[in-house]
């Protein structure tokens, strides 16, 4: 069943197979829906993104980096990061869209190098992290969690500041948290131009 996309909703139904997820994200489309409801597929206009050069790091966060409060890793415990994101309480949400089917498919995408996780550790404990998909020069951020103050913010900012692979980070839906870190809106057309499927090398 297809919809007109004024609010970014373009389709409902289908499945969450690795192949369908890869095809969707390659064209700027992502799943987002309530648990136990039909899968909804979105491609918002405008799109909320972060250009690495626009990132804002506060004085308090710079102190956290200087003091080496956290240890940062990449792809050390992908499934654990996804499950921690699924279990994280979120304002206004009774459940999570991160289902077992989605976890299984993302694990397959992780095994072939498309899905990635980034972790923050303190005293040997995983205290924050996020995951997403690498689509050419675009990193599609999916979800993050924090078990300790500033952990998710720190691991995200560390990733943005140090990575050289991605030209743009897709944040999908507006949040004040990410806006405070430098994210902003661009047109759907401008966002799609960064994806390989629409001509970006």
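Of the listed peptides 104-111, 126-133, what is their order by residue-averaged count of other C-beta atoms within 10 Å, with the highest listed first?
Ranking the peptides 104-111, 126-133 by packing returns 126-133, 104-111.
Shape verdict for region 93-137, please, from the Cα gyration tensor: rounded (a/c under 1.5), prolate (a/b greater than b/c) or oblate.
It comes out oblate by the Cα gyration axes.
Based on the mean of other Cβ atoms within 10 Å per residue, sort peptides 42-50, 180-188 so the most packed one is first.
Order by mean packing, descending: 42-50, 180-188.
Under 1.5 on a/c is rounded, so check that first for region 102-201, then, if it is not, pick prolate when a/b is larger than b/c and oblate when it is not; a ≥ b ≥ c are the square roots of the alpha carbon gyration tensor eigenvalues.
Cα axes put region 102-201 in the oblate bin.
For region 45-194, calculate the relative contact order in percent as a whole number, restricting contacts to Cα pairs under 8 Å that are 6 or more residues apart.
36
So how much slack lies between residue 101 and residue 167, counting 0.36 nm per residue of separation and subtracting their Cα-Cα distance, in nm?
The span from residue 101 to residue 167 would gain 20.8 nm if fully extended.
Across the chain, what fraction of all alpha-carbon pairs, as a whole percent, falls in each successive 5 Å bin from zero upward?
Using 5 Å bins, I get a P(r) of 1, 7, 15, 20, 21, 18, 10, 5, 1, 0, 0 for the chain.
A short reminder: the numbers here are calculations on the coordinates, not readings from a lab. Keep in mind that what you see is a predicted model, and the values were worked out from it rather than measured. No Cβ is skipped: glycine too gets one built from the backbone with ideal geometry, and neighbour counts run over all protein chains shown.
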